[in-house]
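Peer 1: Input: one structure, supplied below.
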Amino acid sequence: MPSQGPPSDSPPDSARQRLLVDVIAHLTAHGIGDVSLRQLATAIGTSHRMLIYHFGSRDGLLVEVVRAMEEQQRAAFAEMRRVPATSAAELGRRMWRQLRQPELAPFERLFFEIYTQALQGRAYAQPLLDGVVDDWLGPMTDFLTQDGLEPAAARAQARLSLAATRGLLLDLLATGDQEGVDQAMEHMLTLFSHITRITHITHPATPREPPAPPVSPHVDGVS
């Protein structure tokens, strides 16, 4: 019986990551829709059995696509933090411009679909819940603390900012009202800037330490 695994000279993790990169590149160019696992395999030049071996199912593959895209956005956030003069509000504006790019819409639509199914208890989608909030709260809280907020307030603000950003992305997907969601985001950031200025007056911030270099995402080469 033929082997169900990758070739012996190809480390499984490396082969898996290459396949994931190729799948994301294809979905970015052609959209997700109702594409089957067999169609994806043909499109990226691999076999159906290889995708089954590495990801288990179409659903399992799509969960990994969403997690990889989330990781890519966290890496982008970490890179933006390296700009020395970036305030929390300006970082928020730059991150929002990144997230609302039209080419990310199919992945964000998929994110909300799988997120909803995870909350409904679908077994295949459960891995998405692991870190879907906490993986963002750590770096966001750290940056806001450096920007002058007390740790507890910084974590609360980070959670609010994450929820508001995801809510506005959902609004954009549902309504297509780019101008409206941009105005709402700017309103939130303006309010936050006002709160931060008051905090700086009452509790002057200590000099910000240079951030640690960002951890490279597991999926290299995704653009």
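Peer 1: Given a Förster radius of 22 Å and the C-beta distance between residue 97 and residue 34 as r, what FRET efficiency does 1/(1 + (r/R0)^6) yield to the nearest 0.05?
Peer 2: On the way: r = 31 Å, r/R0 = 1.39.
After rounding to 0.05, the efficiency reads 0.10.
Peer 1: Trypsin sites (Lys or Arg not before Pro) within the stretch 94-182: which are DSSP loop residues with at most 14 other Cβ atoms inside 10 Å?
Peer 2: Values: sites: 94, 97, 100, 109, 122, 155, 159, 166; in loops: 100, 122.
When the trypsin sites (Lys or Arg not before Pro) of the stretch 94-182 are filtered for loop state and at most 14 Cβ neighbours within 10 Å, 122 remain.
All of the numbers you see were taken from the coordinates with simple rules; none came from a lab. Since this is a predicted model, take the numbers as computed values, not measurements. Reconstructed Cβ throughout: ideal geometry from the backbone, glycine too, with neighbour counts over all protein chains shown.
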